[in-house]
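Read-outs throughout are calculated quantities, based only on the coordinates presented, and are distinct from any laboratory measurement. Note that the structure is predicted; figures quoted are calculated from it, not measured. Positions of Cβ are backbone-derived with ideal geometry, glycine not excepted, and every protein chain shown enters the neighbour counts.
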Amino acid sequence: MIKLITPNTDDVFVTCYHEAAGEGTYYISEHALVYVARGSLDVLLDGKSVATFGETECVFVRKDHRMTLVNYPSEEVGFHLSVFLFFPRHLLFEFYKTFSEKDLPKKVVRSNNSFLKISRSSLLTSLFDSFRPYWKSGEHFEKHWIRIKVFEAIRLVLREDESTYASLFDFTSRWRLDILEFMEKNYMYDLSVNDLANYTGRSVATFKRDFSKLSDLSPRNWIIRRRLKAARRLLLTTEWPIHKIMEVSGFKNFSHFCRVYRQLYGQTPSETRKIN
């Protein structure tokens, strides 16, 4: 099961404590820093291995990715502790407002990398050390304090790689995400029109207007059509069970899947499987 992480004010900072090695898969809906306080961590994005991170190492992960984390406890203390610091959209808006036009880089292009290792530094160490009393006590933060800390983290990421301007501030016209590129990568997830608008840096009205220029279908029907296309390819090229193909393609209800599949292709998934 993939857990959707959508942080709010109270869980911008999330701790992961484990006394045994383990694995978890999450869909990250906001940009995040992942910091390893104890033990080590293998990171996989969208099923592909990224790297192993040891104690006091940190990685920036772009939003809208399926992230698998394999944690290993420290032999010294007998447990694993890693922490997530998320960059909620409203705080990125606030941070962006602190820039003047002359502060912004002129020729930044979005990087194809979905993660970025943050160099060890006194600033990085002091940032996460300041959270230590909270992860030990479990107390909630004051909103003003967490805002300051997220701003510190944003500055660290921007200083590490200038191309991250285009990822962090994709709600601006100069770095706005391509709609179809985003939907091609995320059609299998349960994202509403509001989610699609938000993740591509648009208002709902602007998203609908921009999408109508790209397709005669509604966003929902485009996603269903794309899921069916993916399902048909898997039916013809793999021996996976039909229920698994349905789930991987993004469908949750078998009867609905069979009905819309037959409407589009004129045959049931089972009949397509016989062709394979």
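For a quick check of your reading of the filter: which GluC sites (Glu not before Pro) in segment 95-166 sit in a DSSP loop and have no more than 12 other Cβ atoms within 10 Å?
Working: sites: GLU101, GLU139, GLU142, GLU152, GLU160, GLU162; in loops: GLU139, GLU142, GLU162.
Here the sparse-neighbourhood loop sites are GLU139, GLU142.
Would you mind checking the tilt of helix 143-160 against the longest principal axis of the Cα atoms of the chain, expressed as 0 to 90 degrees and rounded to 10?
Tilt of helix 143-160: around 80 degrees.
Just in segment 226-273: which GluC sites (Glu not before Pro) are loop by DSSP and have at most 14 other Cβ atoms within 10 Å?
Details: sites: GLU239, GLU247, GLU271; in loops: GLU239.
Within segment 226-273, the qualifying GluC sites (Glu not before Pro) (loop, at most 14 other Cβ atoms within 10 Å) are GLU239.
Would you please classify the overall shape of the chain from the alpha carbon gyration tensor, given that a ≥ b ≥ c denote the square roots of the eigenvalues, rounded means a/c under 1.5, and beyond that prolate means a/b larger than b/c while oblate covers the rest? Please report the intermediate quantities before stating the final value.
Values: a/c = 2.39, a/b = 1.43, b/c = 1.67.
Oblate.
Could you give the dipole magnitude of segment 51-108 about its Cα centre, charging the beta-carbon of Lys and Arg +1 and that of Asp and Glu -1, in debye to the nearest 20? Provide the component values of the computation, followed by the final result.
Numbers: 8 positive and 8 negative charges, 121 e Å.
Computed about the Cα centre, the dipole is about 580 debye.
Taking the DSSP beta bridges in the chain as the whole, what percent of them are antiparallel, to the nearest 5? Write out the running numbers ahead of the final one.
Working: 39 of 42 bridges.
Around 95 percent of the beta bridges assigned by DSSP in the chain are antiparallel ones.
Treat the count of other C-beta atoms within 10 Å as a stand-in for reagent exposure and order CYS16, CYS58 from fewest to most.
Values: CYS16 18, CYS58 26.
Fewest-to-most ranking of CYS16, CYS58: CYS16, CYS58.
Starting from segment 52-98, pick out the trypsin sites (Lys or Arg not before Pro) whose DSSP state is loop and whose Cβ has at most 16 other Cβ atoms within 10 Å. The partial results should precede the final answer.
Details: sites: ARG62, LYS63, ARG66, ARG89, LYS97; in loops: ARG62, LYS63, LYS97.
Here the sparse-neighbourhood loop sites are LYS97.
Could you state the number of Å between the C-alpha centres of segment 154-174 and segment 200-246?
28
With axes computed from alpha carbons, what is the tilt in degrees of helix 254-265 against the longest principal axis of the chain, rounded to the nearest 10 within 0 to 90?
60
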